[in-house]
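Just below is one structure, and these are the notes that go with it.
The values are calculated or read from the model by the stated rules, or taken from the named source; none is laboratory data. All values reported here derive from a predicted model rather than from experimental measurement. Cβ placement follows ideal geometry from the backbone for every residue including glycine, while neighbour counts extend to all protein chains displayed. Protein only, heavy atoms only, side chains kept; ligands, DNA and RNA dropped before computing areas. Shrake-Rupley method; radii C 1.70, N 1.55, O 1.52, S 1.80 Å.
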Amino acid sequence: MLPKYNDSLELLEGVRREQLYQNLLVQLKKDFELANVPINIPLDISPEELKSTIHEKIYFLIVEKFPEYLNLLYVVDISESEVKKIAPSDVVDISAEVSFLLLKREWQKVWYKAKYSS
């Protein structure tokens, strides 16, 4: 069963423990590229740096490039109902929540691929 995590850092540490961190990085790069949203994710990035990079990118997209933000949500396959559950607050908090949803969804893809494609 897919593990449950409460925040981005906890999720990234869990992914690292399960030795699927590199797979997650590859999946993130692939989906950001598919959404035509440039992002720099080196393969040796730490979980803390990754969390920060994703958060900054989501914040930037919400504030500066909203259509690209919506496209990214679509490509990653984040459900609209999940996004609507986020309490209205400032953009920094909203982008942190969306970053967690994005990481969680990407993690699901990686986890299922690893579990069921062997």
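Taking Val76 as the residue in question, decide whether it is touching a residue at least 24 places away in the same chain (Cβ under 8 Å), among the β-branched types (Val, Ile, Thr) and closer than 23 Å to Lys30 by Cβ.
yes
Any residue in the stretch 46-66 that is in a helix (DSSP H, G or I) sitting within a Cβ distance under 9 Å of a residue that is of a type in the set (Asp, Glu) and surrounded by 13 or more Cβ atoms within 10 Å (Cβ to Cβ)? List the pairs, counting only those 6 or more apart or interchain.
Listed pairs, sorted by first residue: Pro47/Glu13; Lys51/Asp7; Leu61/Glu68.
For the stretch 58-75, state whether one or more residues are of a type in the set (Asp, Glu), open to solvent by 90 Å² or more (accessible area, probe 1.4 Å) and closer than 24 Å to Tyr112 by Cα.
no
What number goes with the only condition from (1) under 14 Å from the mean Cα position of the chain (by Cα); (2) under 27 Å from Gln19 (Cβ atoms); (3) open to solvent by less than 40 Å² (accessible area, probe 1.4 Å) that Ser46 does not pass?
Only one criterion is unmet by Ser46, namely (1).
Any residue at all in the stretch 95-108 that is over 11 Å from the mean Cα position of the chain (by Cα) and of a type in the set (Val, Ile, Thr)?
No; the residues of the stretch 95-108 include none that is over 11 Å from the mean Cα position of the chain (by Cα) and of a type in the set (Val, Ile, Thr).
Here is a yes/no grid of residues against (1) among the charged types (D, E, K, R); (2) out of contact with any Asp or Glu (no Cβ under 6 Å at 6 or more places or on another chain); (3) farther than 19 Å from Lys4 by Cα:
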residue: Ile39; (1), (2), (3): no, yes, yes
residue: Asp44; (1), (2), (3): yes, yes, yes
residue: His55; (1), (2), (3): no, yes, yes
residue: Glu64; (1), (2), (3): yes, yes, yes
residue: Ile86; (1), (2), (3): no, no, no
residue: Val92; (1), (2), (3): no, yes, yes
residue: Val98; (1), (2), (3): no, yes, no
residue: Glu106; (1), (2), (3): yes, yes, no
residue: Ser117; (1), (2), (3): no, yes, yes
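Report yes if Lys30 is within 20 Å of Asp77 (Cα to Cα), surrounded by 14 or more Cβ atoms within 10 Å (Cβ to Cβ) and either touching a residue at least 24 places away in the same chain (Cβ under 8 Å) or not small (Gly, Ala, Ser) (or both), otherwise no.
no
Only one residue in Asn36, Asn6, Asn40 is exposed (fewer than 13 other Cβ atoms within 10 Å of the Cβ), touching a residue at least 24 places away in the same chain (Cβ under 8 Å) and not in a helix (DSSP H, G or I), so which one is that?
Exactly one of Asn36, Asn6, Asn40 is exposed (fewer than 13 other Cβ atoms within 10 Å of the Cβ), touching a residue at least 24 places away in the same chain (Cβ under 8 Å) and not in a helix (DSSP H, G or I), namely Asn36.
Consider the stretch 93-117. How many of its residues are touching a helix residue (DSSP H, G or I) at 6+ places or on another chain (Cβ under 8 Å), touching a residue at least 40 places away in the same chain (Cβ under 8 Å) and open to solvent by 50 Å² or more (accessible area, probe 1.4 Å)?
Qualifying residue count, the stretch 93-117: 2.
Please enumerate the residues belonging to the stretch 76-86 that are open to solvent by 70 Å² or more (accessible area, probe 1.4 Å) and either assigned to a loop (DSSP other than H, G, I, E, B) or acidic (Asp, Glu) (or both).
Asp77, Glu80, Lys85
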